[in-house]
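Below is one structure, written out as structure tokens; comments come after it.
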Amino acid sequence: MKDYGSSLKTFLTLCRVSLAAVLLVALSHSSSQALDGKASMPAAPEERPQSFSKLVKALKPAVVNISTTQVIKQRRFKGMPGQPGHEQDQFRDFFGDDFFERFFGDIPQKDLKRKSLGSGFIISKDGYILTNTHVVENATEIKVSLSDEKVYEAEVVGRDPKTDIALIKIKANGDLPAVSLGNSEELEVGDWVIAIGNPFGLDQTVTAGIVSAKGRVIGAGPYDNFIQTDASINPGNSGGPLFNTKGEVVGINTMIFSPSGGNVGIGFAIPVNMAKEFLPQLREKGKVTRGWLGVMIQHVTPELAESFGMSKEKGALIADVVKGSPAEVAGIKRGDIVLRYNGNDVDKMNDLSRLVASTLVGKEVELLILREGKEMRVKVKIEEMKEEKEVVAEKGEKDLGMNVQDITPEIAGYLSLEDTTGVIVTEVEADSPAADAEIGRGDIIKEVNRVTIKTLSDYKKAIKATKGNKVLLLVKRGDSTLFVTVKVKE
């Protein structure tokens, strides 16, 4: 017993010595990591710069104020029952405008001029300026004010409503101050950003904040990929630049999320890489031509991922394939899941839409798809997006001042439309019969003069067969359906 106790005592002593040695080594290792700057704990966050003043002084001259004027035709007001003028409107509706005006005359209405403000930034010394499409859309006059208070008239060079990017130009003598376009892909959540613009018409207002999120999809369009920031953005900031701390433009401020209409710390900017991608087309052609694959896609939810034997939800699920499309020719089938597109990962459904749209027409690309649990590669030759093929008035047709097109699977998927019959309005000209009748982009024409419209061909035939100077349209707008009369000028 004595020998056993002595051995146990010796063993415990050795254990204590070994444990102390291990702790000493661990502490030494931790100290050396701290000295080498390789500690496992995250580094302290970067402190906020004391001032952005030097950066702002250099950037402000290239940020401009955009003032637009839009002429809106004033329509005669129809009174409600019991209001003055309602009885006259009842007679007018029964006898017609010509009879009523011959006997009672009509009060002439003056056109209204709507003015609005926005922002933009000069990207070249010869006067090219980037802004939002909605800042200059339907404008009859565009004026650009620089920080030195010089004012120039501008013209629209190109615009892309689907991404809300527009390119305008001013003519100025001498070199203009221009900004540098950065790389929005390098932005990280938490990076400092600076916004300069004209909120509520207050010229050259500077705000700062951080990148709150990237790749935001907010339902603004089929190519949503917004940068979210808490830098104050308000009405009038639209089209202005979002800078990084290097003084490079990383985004185009475009909209806010706010129940009150003012800043609540949630603003969105278009990544500048998207604008750089489309700039050559906007400058040369005035519009953007996109690639087309010809599929309807949907998100891969956790439930769908499990059903398809995937470990996590990723990719774009093919819900349908358009007959005769590049996808059908390449052998892509309903139920395939696109994982990679031409070397780029497709993590979410919207990734595929953006990648296809930015592909040059006629280019052959390789898709990595998952089919029945097995990965396979498919090559597809991309065609021009059919959304761009809109109808315009032909000889002998009534020109309503709007463009319409078939409801493609992409449009139906984006707008969550179950009924794809009819044609969708893609553009309405300012001061046109359609604009006068308050037809808007996104309206769906279901009937023309009581004739059912299923396709673009039906629409063209019905418009061409119209007699007289009025067209009766059945319009679906959201969840509502209404009849609209469009009076065509002869």
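The values are calculated or read from the model by the stated rules, or taken from the named source; none is laboratory data. All figures in this text were calculated on a predicted structure; none of them were measured in a lab. As a convention, Cβ positions derive from the backbone with ideal geometry for all residues, glycine included, and neighbour counts pool all protein chains shown.
Just a few scattered comments:
- Glu277 fulfils the conditions (1) of a type outside the set (A, V, I, L, M, F, W, C); (2) assigned to a loop (DSSP other than H, G, I, E, B); (3) in contact (Cβ under 8 Å) with a residue 24 or more places away in the chain except for a single criterion, (2).
- Failed item, numbered, when Gly262 is tested on (1) under 26 Å from Ser124 (Cβ atoms); (2) at pLDDT below 95: (1)
- Residue in the stretch 278-285 that is farther than 24 Å from Pro161 by Cα, surrounded by 13 or more Cβ atoms within 10 Å (Cβ to Cβ) and under 21 Å from the mean Cα position of the chain (by Cα) present: no
- Residue within the stretch 159-174 that is acidic (Asp, Glu), surrounded by 17 or more Cβ atoms within 10 Å (Cβ to Cβ) and in a strand (DSSP E or B) present: yes
- Which numbered condition Met376 fails, given (1) free of Cβ contacts under 8 Å to residues at least 12 places away in the same chain; (2) surrounded by 14 or more Cβ atoms within 10 Å (Cβ to Cβ); (3) in a strand (DSSP E or B): (2)
- Residue within the stretch 308-326 that is part of a helix (DSSP H, G or I) and assigned by TED's automatic domain parsing to the domain that holds Val380 present: yes
- If you go through the stretch 296-305 and pick out every residue that is surrounded by 13 or more Cβ atoms within 10 Å (Cβ to Cβ) and either more than 15 Å from Tyr223 (Cα to Cα) or not assigned by TED's automatic domain parsing to the domain that holds Glu364 (or both), you end up with 3.
- Flag if Glu185 is without any contact (Cβ under 8 Å) to a residue 40 or more places away in the chain, under 20 Å from Phe268 (Cα atoms) and among the charged types (D, E, K, R): no
- Residue match in the stretch 286-293 (condition: farther than 22 Å from Ile411 by Cβ, under 16 Å from the mean Cα position of the chain (by Cα) and either modelled with pLDDT of 95 or more or surrounded by 15 or more Cβ atoms within 10 Å (Cβ to Cβ) (or both)): no
- Meets criteria (at pLDDT 85 or above, in a strand (DSSP E or B) and touching a strand residue (DSSP E or B) at 6+ places or on another chain (Cβ under 8 Å)) for Leu339: yes
- Applying the set (1) outside any loop (DSSP other than H, G, I, E, B); (2) more than 22 Å from the chain's Cα centre (by Cα); (3) farther than 18 Å from Val249 by Cβ to Leu117 leaves exactly one unmet item: (2).
- Residue match in the stretch 248-256 (condition: within 22 Å of Trp192 (Cα to Cα), at pLDDT 90 or above and polar (S, T, N, Q)): yes
- Restricting attention to the stretch 246-264, the residues that are on the phi > 0 side of the Ramachandran plot and in contact (Cβ under 8 Å) with a residue 40 or more places away in the chain total 1.
- Test for Ile233: is it outside any loop (DSSP other than H, G, I, E, B) and either modelled with pLDDT of 90 or more or farther than 27 Å from Ser353 by Cα (or both): no
- The stretch 178-193 - residue that is of a type outside the set (Gly, Ala, Ser) and within 21 Å of the chain's Cα centre (by Cα) and, of those, surrounded by the most Cβ atoms within 10 Å (Cβ to Cβ): Val193
- Enumeration of residues in the stretch 442-490 that are surrounded by 13 or more Cβ atoms within 10 Å (Cβ to Cβ), among the basic types (Lys, Arg) and in contact (Cβ under 8 Å) with a residue 24 or more places away in the chain: Lys446, Lys454, Lys460, Lys464, Lys476, Arg477, Lys487
- Being touching a residue at least 24 places away in the same chain (Cβ under 8 Å) and not assigned by TED's automatic domain parsing to the domain that holds Ser358 is a description that applies to Ala269.
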